[in-house]
Amino acid sequence: MSVSNASHATPAPARSEQILSAERVDFSVDAPGGRLTILNNISLSLNSGQTLAIVGASGSGKTTLLGLLAGLETPTNGHIELAGTQLNELSEDQRAALRRARVGFVFQSFHLLPSMTALENVMLALEIAQLDQVRERALSALEQVGLSHRLEHYPRQLSGGEQQRVAIARAFASNPDILFADEPTGNLDRSNGNAIADLLFALNEQHGTALVLVTHDMKLAERCQRIAIMDDGRLSEQPPE
Ligand SMILES: Nc1ncnc2c1ncn2[C@@H]1O[C@H](COP(=O)(O)OP(=O)(O)O)[C@@H](O)[C@H]1O
Ligand SMILES: [Mg+2]
């Protein structure tokens, strides 16, 4: 299935619509010591354009949950709906097409390709998503993150904060409906971390992109509209103030 088919099957939702829901999701794996439950009965829903922070101790299951919500992994039990589509009704290829068309990712350790320049890293993601005007879109995304003067630089020639800006440009260049960010400021000092956070929230506001942000930083979490706490594979949400 091509990306354009995926787009037709799942038209962009209006802002107030639900972009993501998880219903009674469990995830367990077979480990040497026996069956290991990593996520336990998680239910969650997010509207288009909303921001949600997920906080919790290391090893509590946050990264695993993002992988399931984005369709990278399949739950053991339960259902996940992303951008109007039940993920369990899609093949692996169809889920990949949906992700390329509708989802952006930002990781703690940037995940740029070291042999490509900033511009090439962003262009490659757009080419994989089979979008047109790849160069124009990439230039515009890098301009929005303040990196027009670093287009031809390789990741090793960029600071951590600059590398994360490239990763954010790459994630936003295809104009996704939802962005998953897994500890995006975790490898940065406070001032670079704050600048990256400012950028994520600015792009959320300008583009209406829903944001699911995993972080250890309560100050950062509090900038989101909602905060959920992961504790040993169970998710509970703080009541709104
Ligand atoms: N495929 C897997 N097989 C076995 N254990 C796993 C697997 N994936 C994750 N885990 C375990 O699940 C727990 C949650 O991991 P993770 O989601 O990375 O937590 P967090 O992101 O909150 O630090 C950890 O104990 C981790 O070792
Ligand atoms: Mg993690």
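Nothing in this text is a laboratory measurement; each read-out follows from the coordinates by a stated rule. These numbers come from a predicted model, not from an experiment. Note that each Cβ is placed from the backbone with ideal geometry, even for glycine, and that neighbours are counted across all protein chains shown.
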- Task: Report those helices (runs of 4 or more DSSP H) wholly inside the stretch 62-141 carrying at least 2 residues which are acidic (Asp, Glu).
- Result: 92-102, 118-128
- Task: Would you be able to tell me the number of residues in the stretch 31-59 that are over 17 Å from residue 238 (Cα atoms), within 16 Å of ligand 2 (Cβ to nearest atom) and assigned to a loop (DSSP other than H, G, I, E, B)?
- Result: 2
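Could you check how many residues of the stretch 206-230 are part of a helix (DSSP H, G or I) and of a type in the set (A, V, I, L, M, F, W, C)?
Residues meeting the conditions: 3.
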- Task: State all residues of the stretch 60-77 that are of a type in the set (Gly, Ala, Ser) and near ligand 2 (Cβ under 9 Å from one of its atoms); if no residue qualifies, say none.
- Result: 60, 61
- Query: Restricting the first residue to the stretch 25-36 and requiring it to be in contact (Cβ under 8 Å) with a residue 12 or more places away in the chain, which pairs with a second residue that is assigned to a loop (DSSP other than H, G, I, E, B) and more than 16 Å from ligand 2 (Cβ to nearest atom) meet a Cβ separation below 8 Å and a spacing of at least six or different chains?
  - Reply: 25/75; 26/75; 26/76; 27/75; 27/76; 28/76
- Residue that is surrounded by the most Cβ atoms within 10 Å (Cβ to Cβ) [pool: residues in the stretch 137-196 that are among the hydroxyl-bearing types (Ser, Thr, Tyr) and within 16 Å of the chain's Cα centre (by Cα)]: 185
- Message: Filter the stretch 29-87 down to the residues that are polar (S, T, N, Q), near ligand 1 (Cβ under 8 Å from one of its atoms) and within 20 Å of residue 200 (Cβ to Cβ) and list them by number.
- Response: 63
